[in-house]
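The values are calculated or read from the model by the stated rules, or taken from the named source; none is laboratory data. Here the structure is a predicted model, which means the values were calculated and not measured. Here Cβ is always computed from backbone atoms with ideal geometry, including for glycine, and neighbour counts include all displayed protein chains. With ligands, DNA and RNA removed, areas are computed over all heavy atoms of the protein, side chains included. Shrake-Rupley method; radii C 1.70, N 1.55, O 1.52, S 1.80 Å.
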Amino acid sequence: MMPAPLALPSGISLENLLQELRQLSWGAADILLAYGRGEQPPHGFPRALSVDEGGEGPVSAADLAVNQWLLDGLQAAFPAAHWTVLSEETAKEQLTEGEPLDAEWLWILDPLDGTKDFLQGTGEYAVHLALVHRNQPVLGVVLLPELEELWLGVLPGLAGSAGEAWCENRAAKRTPVRFSSRRPLAELVLVASRNHRDGRLEQLLEALALGDTKAIGSVGGKVATILRGETDLYISLSGKSAPKDWDMAAPEAVLRAAGGCFSHADGRPLAYNTGDVRQAGCLIASHGFSHGDLCGRAAEAIAQIDPSFPV
């Protein structure tokens, strides 16, 4: 059953919003590509200073430039929109621990997800934009500049949409989502982090007895591999050092819009703007076909590995 249509704020049309997001995204790609190559960035942003020159380096410069580009772009395109914008770069000034923002509509942005990959030159970094309505994402954008991929996802019900996700290149040529046909857990391909692994996660993966593993940097990049059918699932297992709202909101929106699943191991949905930006616990993203089995086995395994760990 289709959810009741959810109108965007201030009479904004979905078509117009997506068109503006395309322009902002490819502008952000140009900025990041320039900083990553040590070139003069476009749109009037300053060249990155090295630490030796007294600056904070290319990551800081790139983060701040893309953040400003997105904030200014949303404000210029929709000056009367009744929404709030939260960015990883502005979170310290905006947030008070334990207190959600007073916002029915909230943009959650990550101008550079995958900082280590940006530094290491792997190309596996992303830009995330998610529109959240009352704690749940309704639209997501995951930009992969080095691959020239712009993933867009619109959840069912937003502005009357039936729900859809797709990939575009700069010419706006669409490529559909192509989930793999793998179903048995022993055949599923896991996409995992290069830089965030611990013993508890290794024990969980051993208990699940999955198939191959592929290492990718940003969460957006990981979810894109699921959308292309290269992998089938991603697991985040963490506590105090958990990923934040801006890491998860956009990838979750795109994956769920495509028909995939993203939840806690006990089946609870992720929630945003709750007063705690950490997305802690055992979070599982998948193409959806084996999601229930995955969650059940993961919850059972964690209860054996660490009974005190909240899934």
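Annotation: of all residues in region 283-305 being more than 22 Å from PHE179 (Cβ to Cβ) and among the hydrophobic types (A, V, I, L, M, F, W, C), the one that is surrounded by the most Cβ atoms within 10 Å (Cβ to Cβ) is ILE302. Close Cβ contacts (under 8 Å, 6 or more residues apart or on different chains) running from residues in region 81-94 that are loosely packed, with under 13 Cβ neighbours inside 10 Å to residues that are modelled with pLDDT of 90 or more comprise HIS82/PRO9; HIS82/GLU104; HIS82/TRP105; GLN94/LEU86; GLN94/LEU101. Candidates in region 48-83 are the residues that are modelled with pLDDT under 80 and part of a helix (DSSP H, G or I); of these, the one that is nearest to the chain's Cα centre (by Cα) is VAL59. Using the structure shown, decide if GLY153 is farther than 20 Å from ASP63 by Cβ and in a strand (DSSP E or B). For GLY153, the condition - farther than 20 Å from ASP63 by Cβ and in a strand (DSSP E or B) - is met. Under the condition of being closer than 21 Å to CYS295 by Cβ and of a type outside the set (Phe, Trp, Tyr), the residues counted in region 158-186 number 7.
The one condition from (1) open to solvent by 50 Å² or more (accessible area, probe 1.4 Å); (2) assigned to a loop (DSSP other than H, G, I, E, B); (3) not aromatic (Phe, Trp, Tyr) that LEU119 does not meet is (2).
Of all the residues in region 117-148, those that are over 22 Å from TRP166 (Cβ atoms) and touching an Asp or Glu at 6+ places or on another chain (Cβ under 9 Å) number 4. Considering region 247-262, and only residues there that are touching a helix residue (DSSP H, G or I) at 6+ places or on another chain (Cβ under 8 Å) and open to solvent by 20 Å² or more (accessible area, probe 1.4 Å), the residue that is nearest to PHE289 (Cα to Cα) turns out to be CYS261.
The residues of region 224-233 that are touching a Lys or Arg at 6+ places or on another chain (Cβ under 8 Å) and either surrounded by 23 or more Cβ atoms within 10 Å (Cβ to Cβ) or not hydroxyl-bearing (Ser, Thr, Tyr) (or both), listed by number, are LEU227, ARG228, GLY229, GLU230, THR231, ASP232.
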